[in-house]
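Novice: My questions all concern the structure below.
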């Protein structure tokens, strides 16, 4: 358990985020499907990405980690059925079955208690229709995978909900399909998979609402690859700077347009934010951000921005509590299917701090400028809720104790150390 308080006053700070989780997952899985050997710089140290490395190692990959680098190459194909333990990682659980199928390895996909309660059929069902031999147990883990690496279907997949994980699973399967795969999206979701595939020479026709892939296209993932800084990690520090009113510089962070919807929301709320030194690194936009003290106002966040800010929406609720007027988030039903029901978790914990917040069917409303007061919180072992409430605690009177603070390790084991460095005196052991 840790205690969060306002700490000391800060005028300015600097932050360099660790490697991006989403990209780290994807480069590891693509490397597992390739015949090459790749050296990855700045690979995420998050527990979720560690789960992905363990899974591809179980599938026969050789993993070497040294001097902050991760090298992935092909090893010996395992004999018999393989157990793939995804820990708490939903991305791993939803994508690794395609990798196992392609490699021709019979597998059982499992996870921890939390992951075992999360829905899997939205990935399993379309993969089955596509021709992958995969099945879940009543829509949840465990998932059984029977090798099937020779697809030959012309398949049209109309996504009901914009989901980068579902889309990525289908695209990975499309790599070993002899026919045409057409994916239609209701809204744009993060496109790290498309960017990475194109970076390695895969021919994709990508428009706003659809993606077309034709024929077998297994890329050779070799040489070096650099993972940009994780924007989702940076988002918590941006929010902390806005809550406490100090200037913040963030360096070498990913600025993929489908990932930074949070910045667009903050701009609507009146935040003064600058992006500079923007360039492409291995296909991904990377650059620096400067955040200035700003007076925030409430806004409505709907479908157009939700998909590209899904992980940061609990932070929008936090900032809404410090903004003038009402902040409303709608069309965010996807939040209910994360590590916790993030709509309920966000509303419950901010309410305990004294925020005027109300849950609605697919989102929440927050009326701002109510002084928050420290209390004891339980964040349902959800790393993003823990970090969001820590930011809220920075602007609260007194001390806030977070009972399940250790679960930040799922995405950023250094979060509280980084927060304490940025705002001295803000984090202590309870």
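Novice: Nearest 10 degrees is fine. How inclined is helix 164-174 to the longest principal axis of the chain, computing both from alpha carbons?
Specialist: It works out to around 10 degrees.
Novice: Can you give the translational diffusion coefficient of the range 48-117 in µm²/s, computed by Stokes-Einstein from the Kirkwood radius over Cα pairs at 20 °C and 1.002 mPa s?
Specialist: Rounded, D is 173 µm²/s.
Novice: Where does helix 90-103 land angle-wise versus the long Cα axis of the chain, in degrees 0 to 90, nearest 10?
Specialist: Between helix and principal axis, roughly 10 degrees.
Novice: By per-residue mean of other Cβ atoms within 10 Å, what is the highest-first order of 275-283, 393-401, 196-204?
Specialist: Averaged packing, sorted descending, gives the order 393-401, 196-204, 275-283.
Novice: With bins 10 Å wide starting at 0, give me the P(r) of the range 231-276 over every alpha carbon pair, in whole percents.
Specialist: That works out to 25, 67, 9, in percent per bin.
Novice: Could you please state, rounded to a whole Å, how far the C-alpha centre of the range 221-294 is from the C-alpha centre of the range 165-184?
Specialist: 29
Novice: Can you tell me what the convex hull of the Cα atoms of the chain projects to on average, as an area in nm²? Can you show the working numbers first?
Specialist: Working: hull surface 73.7 nm².
Spelled out: convex hull of the Cα atoms, projected over all directions, averaged, 18.4 nm².
Novice: Nearest 10 degrees is fine. How inclined is helix 231-244 to the longest principal axis of the chain, computing both from alpha carbons?
Specialist: Value to nearest ten degrees: 0.
Novice: With only alpha-carbon atoms in the gyration tensor, what are the semi-axes of the equivalent ellipsoid for the range 21-212, in Å, largest first?
Specialist: Semi-axes (√(5λ), whole Å): 23, 20, 17.
Novice: A further question on this structure: Using the alpha-carbon centroid of each, what span in Å lies between the range 46-63 and the range 341-410?
Specialist: 32
Novice: Could you give the alpha-carbon Rg of the range 263-367 over 2.2 N^0.38 Å, rounded to two decimals?
Specialist: 1.15
Novice: Given a cut-off of under 8 Å on Cα pairs at least six residues apart, what relative contact order in percent is computed for the chain? Kindly include the intermediate steps, with their values, before the conclusion.
Specialist: Working: 1046 pairs, mean separation 81.9, N = 430.
Value for the chain: 19 percent.
Novice: Need one number: nm distance between label points at residue 39 and residue 351, each 7 Å from Cα along Cα→Cβ, rounded to one decimal.
Specialist: Calculated label separation equals 5.4 nm.
Novice: Highest mean first, how do 237-243, 30-36, 87-93, 298-304 rank when packing is the count of other Cβ atoms within 10 Å averaged over residues?
Specialist: Descending mean neighbour count gives 237-243, 87-93, 30-36, 298-304.
Novice: Using mean Cβ contacts within 10 Å as the protection proxy, how do 213-219, 22-28 order, highest first? The partial results should precede the final answer.
Specialist: Working: 213-219: 16.9, 22-28: 27.3.
My ranking of the peptides, most packed first, is 22-28, 213-219.
Novice: Could you work out the mean projected area of the convex hull around the alpha carbons of the range 1-114, in square nanometres to one decimal?
Specialist: Taking the Cα atoms of the range 1-114, their convex hull projects to 9.7 nm² on average.
Novice: Once every DSSP H run of n ≥ 4 in the chain is given -39500 (n - 2.57) and the sum is divided by its residues, what mean residue ellipticity at 222 nm do you get, rounded to the nearest 500 deg cm²/dmol?
Specialist: About -9000 deg cm²/dmol.
Quick note: the coordinates plus some simple rules give every number you see, no bench work behind them. Keep in mind that what you see is a predicted model, and the values were worked out from it rather than measured. So basically every Cβ, Gly included, is an ideal-geometry build from the backbone, and we count neighbours across all protein chains shown.
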